[in-house]
1. Can you give me the accessible area per residue for the chain, using a 1.4 Å probe, in Å²?
2. Read phi for every residue in the stretch 236-248 and hand back ³J(HN,Hα) as whole Hz from Karplus 6.51 cos²θ - 1.76 cosθ + 1.60, θ = phi - 60°, with x for Gly and Pro.
3. Placing +1 on the Cβ of each Lys and Arg and -1 on the Cβ of each Asp and Glu in the stretch 223-351, which of Ala313, Gly254, Ser275 has its Cα farthest towards the positive end of the resulting dipole?
4. What are the ³J(HN,Hα) couplings of the stretch 125-135, residue after residue, when phi is run through the Karplus curve with 6.51, -1.76, 1.60 and θ = phi - 60°? Round to Hz, x for glycine and proline.
5. Would you calculate the volume per residue, in Å³, of the smallest convex hull containing every Cα atom of the chain?
6. Within the chain, what whole-number % of the accessible surface is contributed by carbon and sulfur, with the 1.4 Å probe and all protein chains included in the calculation?
7. About the Cα centre, and with charges only on the beta carbon of Lys, Arg (+1) and Asp, Glu (-1), how big is the dipole of the chain? Nearest 20 debye, please.
8. Could you give the angle, 0 to 90 degrees to the nearest 10, between helix 441-454's Cα long axis and the longest principal axis of the Cα atoms of the chain?
Amino acid sequence: MDFEQEIARRRTFGIISHPDAGKTTLTEKLLLFGGAIQEAGAVKNNKIKKSATSDFMEIERQRGISVATSVLAFLYNDKKINILDTPGHKDFAEDTFRTLTAVDSVIVVIDVAKGVEEQTEKLVEVCRMRSIPMIVFINKLDREGKDAFDLLDEVEQKLGLSVTPLSFPIGMGYDFKGIYNIYEKNINLFSGNSKQNIEETIAFDDIESTELEGIIGENSAQELRDNLELATGVYPEFDKEAYLEGAQQPVFFGSALNNFGVRELLDCFVDIAPSPRPKKAEERLVASNEKDFSGFVFKIHANMDPKHRDRLAFIKIVSGTFERNKPYLHVRLDKKLKFSSPNAFFAEKKEIVDISYPGDIVGLHDTGNFKIGDTLTSGEKLSYTGIPSFSPEHFRYINNADPMKAKQLYKGIDQLMDEGVAQLFTLELNGRKIIGTVGALQYEVIQYRLEHEYGAKCSYENFPAHKACWVEPMEENEEFKEFKRVKQKFLAKDKRGQLVFLADSAFSLQMTQQKYPTVRLRFTSEPTTV
Ligand code: G4P
């Protein structure tokens with residue numbers, strides 16, 4: 001297979017959903033189709049239960065499992081599928097946002113009864129801003145849920161999408177009979193026997209034929225015809241180009257648990273989903289079929305085994321091939337590095353690979369060279385943009401609780417921040433360090449890891465901030481000088497040395513914006529539209 005064919009057969013995507021909508025179950029069924037696992041229950045649930053906030057073992061378990069499930073790759077119909085894991089827990093939302101910079105498309109899972117939920121809204125918004133192609137899967141059709149049209153409406157309204165159904169349910173919950181697959185023009189009948197996952201597919205392209213009555217009964221046949229007529233009247237025809245541009249989102253209905261509608265989703269997905277897309281670097285747009293290698297780090301994972309202190313940096317290959325033992329340029333450090341044991345991921349295993357292609361993820365053992373967002377190339381000085389930090393929701397001073405271990409503490413903080421566990425801000429006024437996180441859980445993770453991996457102890461103290469706003473660099477005019485003087489107490493530098501304003505309330509933020517209109521404040525460390 002030549003280089004172009006290798007690229008064309010890759011599908012790298014993420015599944016996003018609100019916790020409990022069925023992401024893990026769907027992932028598992030997809031792996032079953034790919035023959036990557038043999039039995040249900042093999043993909044461990046990587047959820048943190050709500051009660052586990054202070055359970056360190058649970059945190060460790062989460063870390064361990066998320067390494068194993070960071071990338072799940074399998075072959076299906078000769079396509080190489082890479083599923084990138086996106087944690088559903090909101091405290092790890094930042095991890096998910098970063099992973100979304102490495103996907104070429106996503107599948108959004110929605111619970112038929114709950115409809116669009118909060119976490120889905122946030123994640124879809126990020127995908128929409130980046131015009132990532134999305135397919136929507138409405139799950140749990142075996143349960144009573146909302147009316148299909150109401151759901152499609154809700155998806156359009158709340159998620160700002162423009163949908164078109166590619167399948168349509170016949171009944172729902174107790175009365176769920178099956179699905180009419182608009183994309184393939186066939187009917188899938190639901191057996192209701194979840195243990196055996198039996199389903200029957202009947203090719204059926206003339207919905208007006210009276211045979212329909214014979215298959216699903218008189219009432220359901222009429223209802224389906226009416227629904228399809230309405231759907232065709234209301235929704236535009238599926239347009240692959242529009243989907244690829246992020247302007248239209250096809251919708252499938254099914255039940256992941258019962259393995260119903262999953263094959264149809266997968267077949268359509270491999271057919272329409274994009275192979276690796278070009279990526280914008282600060283310098284230029286880089287096409288996947290360029291011969292020279294380039295890639296970027298979107299995730300860093302600490303080693304679970306305390307005897308091996310190295311970390312695994314996950315690189316998404318954007319262009320060219322990545323080869324074992326070949327020297328590559330680490331652009332930020334301006335240093336050539338060679339990797340003797342790059343890991344590729346297959347199902348739940350990692351193995352050493354000699355060559356990887358655009359769309360693939362390689363895991364590189366790292367002893368502290370990498371930060372999230374770093375670029376690696378064959379030699380060209382490229383920097384991939386678009387891995388912004390988002391404003392944290394929680395802020396605390398971090399104090400050294402063991403004066404003998406100051407060095408260890410700062411090294412630990414430094415490395416944990418490189419991994420993207422949280423964000424560090426240093427106050428301009430007095431140099432005190434503040435840790436900002438998306439969820440409260442991270443403080444425990446940090447404290448635990450500082451102690452167990454670096455032998456350092458820390459304590460926290462509340463810092464009353466509401467949001468971190470990155471101050472866009474500007475010339476030193478009078479207004480900017482006054483802003484800096486008046487807000488001195490609330491100004492800090494982030495890890496990259498960018499100026500950040502830590503607003504203590506929504507009100508003070510609004511007042512600041514009104515008072516200093518030329519000072520531009522952003523809620524992300526860089527524009528997110530890339
Ligand atoms: P998540 O990764 O999005 O958080 O969701 P997950 O797949 O873990 O699914 C959440 C719950 O929903 C699980 O039940 C799962 O079995 C159930 N589920 C998933 N798909 C379907 C479906 O199509 N129909 C029905 N009826 N249920 C579905 P649980 O009881 O929370 O966990 P478990 O004990 O079954 O693992």
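1. Accessible area per residue: 43 Å².
2. Values, residue by residue: x, 5, 4, 10, 4, 4, 5, 4, 5, 7, x, 9, 9 Hz.
3. Of Ala313, Gly254, Ser275, it is Ala313.
4. Taking θ as phi minus 60°, the curve returns 4, 4, 5, 5, 4, 9, 6, 6, x, 10, 10 Hz for the stretch 125-135.
5. Enclosed volume per residue, from the Cα hull, is 162 Å³.
6. 49
7. 3180
8. Compared with the principal axis, the helix lies near 60 degrees.
The values are calculated or read from the model by the stated rules, or taken from the named source; none is laboratory data. The model shown is predicted, which means the values in this text are computed figures rather than measured ones. Ideal geometry is used to build each Cβ from the backbone, glycine not excepted, and the neighbour counts take in all protein chains shown. These area figures cover heavy atoms from the full protein model, side chains too; ligands, DNA and RNA do not enter into them. Shrake-Rupley method; radii C 1.70, N 1.55, O 1.52, S 1.80 Å.
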